[in-house]
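Each value in this text was obtained by applying a stated rule to the coordinates, not by laboratory testing. Since the model is a prediction, treat every value here as computed from it, not as a measurement. When we count neighbours, we look across all protein chains shown, and the Cβ atoms used for this are built from the backbone with ideal geometry, even at glycine.
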Amino acid sequence: GSTIGILGGGQLGRMLSVAASRLGFKSHIFEPSANPPAADVAHRVTTASYEDQDALKAFAETVDVITYEFENIPTSALDLLETLRPIRPGREALRISQDRLIEKAFLADLGLAIAPYADVTDSTSMTAAVEAIGAPSILKTRRFGYDGKGQARLKSAEDAAEALAEMNGAPAVLEGFVNFTCEISVIAARSADGQVSAFDPGQNVHRDGILHTTTVPAKVPAKLQMDAVLMAAKILNALDYVGVMGVEFFVTPQGLIINEIAPRVHNSGHWTQNGCVSCQFEQHIRAVAGWPLGDGQRHSDVVMENLIGNDMDRMPELMADPTCALHLYGKADVKPGRKMAHVNRITKG
Ligand code: ATP
Ligand code: MG
Ligand code: MG
């Protein structure tokens with residue numbers, strides 16, 4: 001049988017491994033830290049650093065195709081891996097999504113609406129950015145941000161110096177604050193032969209910068225849901241993309257604004273595990289393996305809730321609730337802000 005190589009062993013890598021296994025594939029995880037969540041379910045795990053070229057080479061030689069659960073893979077590792085096996089989704093999607101500034105330019109070039117932005121490297125460019133964008137606004141590091149980390153909010157222009165200091169010298173972008181009515185995301189898949197399938201948009205609520213719930217169907221007009229799906233498809237086609245992508249949107253009275261894209265399975269797509277015949281993890285494995293896509297039609301209404309840190313105290317009650325499909329990540333220690341599990345509550349089926 002074929003083996004799927006997965007860079008990253010967190011919960012996304014774990015759920016990709018489960019999906020691969022269900023389709024008869026083996027999975028081999030590459031992960032620097034010991035005992036990652038995916039290690040419990042993968043067929044093989046390599047624990048090594050992305051600097052270790054011998055380990056990367058040995059990993060690649062055991063797999064047929066390489067995919068990943070996170071976008072911040074070091075370039076040197078990708079340069080080696082791509083000489084050995086196909087990397088799906090491809091390098092271009094990674095290059096763009098690793099850097100907010102490049103990502104915004106890419107989306108703007110496609111004619112898609114994004115928030116006004118300006119690049120910031122020092123106090124001179126920060127002053128110019130605040131003049132151009134104004135406040136309220138958000139300063140975000142160009143690279144490595146997730147769960148709202150690496151961001152500083154400006155209530156007024158007076159917050160500029162403090163926000164810049166929070167970047168610790170890292171290059172950043174200043175983004176105009178979008179007064180959104182709600183947030184939605186589209187999880188879309190594209191196969192190697194160019195077939196595109198999008199899941200229904202999910203409506204997302206964040207808490208402290210971390211995704212809290214995703215609800216389907218989203219309570220936004222059908223026309224906007226269709227717009228979101230078409231925008232996502234445009235991005236996948238422009239990149240000749242193979243795999244699953246998450247596209248986050250702000251819904252405003254003037255229409256949709258794209259917040260960001262992620263070239264991988266996405267937390268806001270976890271509802272598909274219990275709302276569709278083929279979930280996002282299966283669609284991703286199908287795509288990277290060169291299979292046709294499965295059926296991503298929604299058959300149930302679902303509310304996905306992340307269980308973060310001490311939310312795990314609610315497990316006894318959730319375990320006893322027959323409307324709740326539980327997905328635990330097997331993480332040993334509970335820490336504040338740590339994603340431990342999620343629950344898909346079927347609200348109508
Ligand atoms: P993720 O874990 O989704 O990758 P991230 O760290 O990349 O998160 P963003 O998605 O940029 O962060 O921002 C997190 C949340 O902060 C958004 O979902 C939204 O609620 C809010 N936010 C971000 N940018 C803006 C903006 N320009 N205007 C208004 N709210 C924003
Ligand atoms: Mg992000
Ligand atoms: Mg986000």
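The residues of the range 73-88 that are within 22 Å of the chain's Cα centre (by Cα) and outside any helix (DSSP H, G or I), listed by number, are ILE73, PRO74, PRO86, ILE87, ARG88. Could you please let me know if VAL178 is touching a residue at least 40 places away in the same chain (Cβ under 8 Å) and among the hydrophobic types (A, V, I, L, M, F, W, C)? So VAL178 fits the description; yes.
For SER197, state whether it is within 13 Å of ligand 1 (Cβ to nearest atom) and touching a Gly at 6+ places or on another chain (Cβ under 7 Å). Write out each step before concluding.
Numbers: within 13 Å of ligand 1 (Cβ to nearest atom): no; touching a Gly at 6+ places or on another chain (Cβ under 7 Å): yes.
It is false that SER197 is within 13 Å of ligand 1 (Cβ to nearest atom) and touching a Gly at 6+ places or on another chain (Cβ under 7 Å).
Of the set (1) over 22 Å from the mean Cα position of the chain (by Cα); (2) surrounded by fewer than 17 Cβ atoms within 10 Å (Cβ to Cβ); (3) farther than 21 Å from LEU23 by Cα, all apply to GLU92 but (1).
Every residue, every condition in (1) more than 16 Å from ligand 3 (Cβ to nearest atom); (2) under 22 Å from the mean Cα position of the chain (by Cα); (3) surrounded by 20 or more Cβ atoms within 10 Å (Cβ to Cβ), yes or no:
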{"position": "SER97", "(1), (2), (3)": "no, yes, yes"}
{"position": "VAL120", "(1), (2), (3)": "yes, no, yes"}
{"position": "SER123", "(1), (2), (3)": "yes, no, no"}
{"position": "ALA132", "(1), (2), (3)": "yes, no, no"}
{"position": "ALA157", "(1), (2), (3)": "yes, no, no"}
{"position": "ALA165", "(1), (2), (3)": "yes, no, no"}
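Somewhere in the range 265-272, is a residue farther than 21 Å from THR215 by Cβ and either within 16 Å of ligand 2 (Cβ to nearest atom) or under 12 Å from the mean Cα position of the chain (by Cα) (or both)? There is no residue in the range 265-272 that is farther than 21 Å from THR215 by Cβ and either within 16 Å of ligand 2 (Cβ to nearest atom) or under 12 Å from the mean Cα position of the chain (by Cα) (or both). Considering the range 243-283, and only residues there that are over 17 Å from LYS339 (Cβ atoms), surrounded by fewer than 23 Cβ atoms within 10 Å (Cβ to Cβ) and among the polar types (S, T, N, Q), the residue that is nearest to ligand 3 (Cβ to nearest atom) turns out to be ASN259.
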